[in-house]
Amino acid sequence: LGFQDVLNQEQTSPATLYRKIQGWSSDQNEWNENLYPFWKEGDPRWKDCWKGGRVRAKLVTDSPALVGSNVTFVVTLQFPKCQKEDNDGNIIYERNCTQDPPALQDQYVYNWTKWIDNCGWENCTSNHSHNVFPDGKPFPHHADWRRRNFVYLFHTFGQYYEKKGRFSTIVSLNTANITLGKHVMEVSIYRRGHSTYVPIARASSIYVVTDKIPLFVNMSQKNDRNISDSIFIKDSPITFDVKIHDPSYYLNNSVISYKWDFGDGSGLFVSSSFSTPHTYTLQGNFTLNLTVQAIIPVPCKPVTPTPPLPTSAAVTFEPSSDPDSSAVETTEDKPDGGCHIYRYGYYGADISIVEGILEVNIIQMTNIQMTESQAENSLVDFVVTCQGSLPTDVCTVVSDPTCQVSRSAVCDPIVTDKCHLTVRRAFDEPGTYCINITLGDDTSQALASALISVNGGPSSRTTEGVFIFLGLLAVFVVIVAVVLYKRYKQYKPIERSPGQAENQEGWSTYFSHFKTIFFSKSNEKDPLLKSKPGIV
């Protein structure tokens, strides 16, 4: 009986077609069936291989893998209900998990520590009939060898790898000698027994080896309502973030470049950054294309001095006659005597550009005067305008003064033929509130913010509105004072007599300059009153 007969859960090609994987052994080796029994699927002995039910094995991989990189597999054992592995590697019952009284519960499912408690490493491993792998190789010595009571046997590409472990283990293999395409990784797990090892679970997983760089592009845009529908807003930058799948860091020392064609006639754009912004100025449907190039440094292969010698500095390696040989690789000499190979990755997507809602402004607040008998709540009208497409819904979120803790949220559908509307909201008690008003349509949304103070009186209520630049004014007040002083150090305010009542207009002009300097391009506009004083 050979390893191929035991481990080959899937039908594979003859082993003569496989190339050697470093650290792995040929599945043509003999299998010790006396120490490691082999049961076919459906054998009734599977039902009794574990106390309390069947053990399941979950095998996952970080595939796809770029040829030459490492692909990793993680296998995890899933025990029957109420069972787990403790710190000593024994399998125990979880406390308070079953309905049986504590006196009737046996703490251990398998107390392997007790089985080997009377022997040290030398004595326990001197019995070669029980401390070896199925091919006869002795177990490696680990500081926690007593806790490793499972034997994992991985099988792929006509070769196998043996490993002892706990309820979960990990294995990686290099893909340099693995052909491109889909392959199957299989794993068989055995548990420690008194005189033999007992099979408890099997699992398999498909992995992919490719010569194309695995990648994905994440597209995001401010005010975009649904990032998954590939619909974006005109005249607003879209951020394209390239995510290269390289979990083994194979490309860490590579030179990577990104060539973009956004499909809008703007031409090709080449960048060394994985993140690129782009603004579409026209509405319509566009096809995005990206080519990623990686120049990977590798040792140069020796050139056999057989005439005629190549006259070019480039050395091209011809395809191997081996049917498993991958695509032709071209290497170029570098000044330091090294070489490099090229790998490419491709991405394409169709996106739609629509007008969308670009910005929202709160231009006025008005307190609604009510009689004392009616004034259970303070009513405030917010006059809101926007730019871009017409909104279909409006949402108002009332929060605490820090804008961190939401107190209430109201959303209403709206039908309007122009982006100029009045939003009325009620405040049931005096206090200072942070107000966020959001206008949205099917594809976009934009926000305006305000900080207001609602005061209650015996016969009337007033609302004092102090608008904010998205909460930034308080944070940057010191920085603003210094910058404005330097920028306007030659500015001399007009002298006013103590009796003049329009001192506040000077401050309004002062902060108007501040807004123009620092927030002229912000989409989330601060809602300073444009035609009313700060108290309404």
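The values are calculated or read from the model by the stated rules, or taken from the named source; none is laboratory data. Just so you know, these numbers come straight off a predicted model, no measurement behind them. Positions of Cβ are generated from backbone atoms using ideal geometry, with glycine treated the same way; all protein chains shown enter the neighbour counts. Protein only, heavy atoms only, side chains kept; ligands, DNA and RNA dropped before computing areas. Shrake-Rupley method; radii C 1.70, N 1.55, O 1.52, S 1.80 Å.
Annotations for the structure displayed:
- Subset of the stretch 27-56 [closer than 26 Å to GLY136 by Cα, open to solvent by 20 Å² or more (accessible area, probe 1.4 Å) and not in a helix (DSSP H, G or I)]: GLN28, ASN29, GLU30, ASN32, GLU33, ASN34, PRO37, PHE38, TRP39, LYS40, GLU41, ASP43
- Selection of the stretch 249-281 for residues being under 21 Å from the mean Cα position of the chain (by Cα) and in contact (Cβ under 8 Å) with a residue 40 or more places away in the chain yields TYR250, LEU251, PRO277.
- Scanning the stretch 216-228 for residues that are open to solvent by 20 Å² or more (accessible area, probe 1.4 Å), under 28 Å from ASP27 (Cα atoms) and assigned to a strand (DSSP E or B) turns up nothing.
- Listed by position, the strands (runs of 3 or more DSSP E) contained in the stretch 400-456 that have at least 3 residues being of a type in the set (Ser, Thr, Tyr) are 431-440.
- Test: residue in the stretch 71-81 that is modelled with pLDDT under 80 and within 39 Å of the chain's Cα centre (by Cα): no
- Strands (runs of 3 or more DSSP E) contained entirely in the stretch 130-202, each with at least 3 residues that are in contact with a Phe, Trp or Tyr (Cβ under 9 Å, 6 or more places away or on another chain) and surrounded by 22 or more Cβ atoms within 10 Å (Cβ to Cβ): 150-156, 181-192
- Residue among VAL242, VAL208, VAL217 that alone is touching a Gly at 6+ places or on another chain (Cβ under 8 Å) and of a type in the set (A, V, I, L, M, F, W, C): VAL208
- Residue in the stretch 393-414 that is modelled with pLDDT of 85 or more and more than 37 Å from the chain's Cα centre (by Cα) present: no
- Number of the exception - PHE469 against (1) modelled with pLDDT of 85 or more; (2) within 28 Å of ASN226 (Cβ to Cβ); (3) open to solvent by less than 40 Å² (accessible area, probe 1.4 Å): (1)
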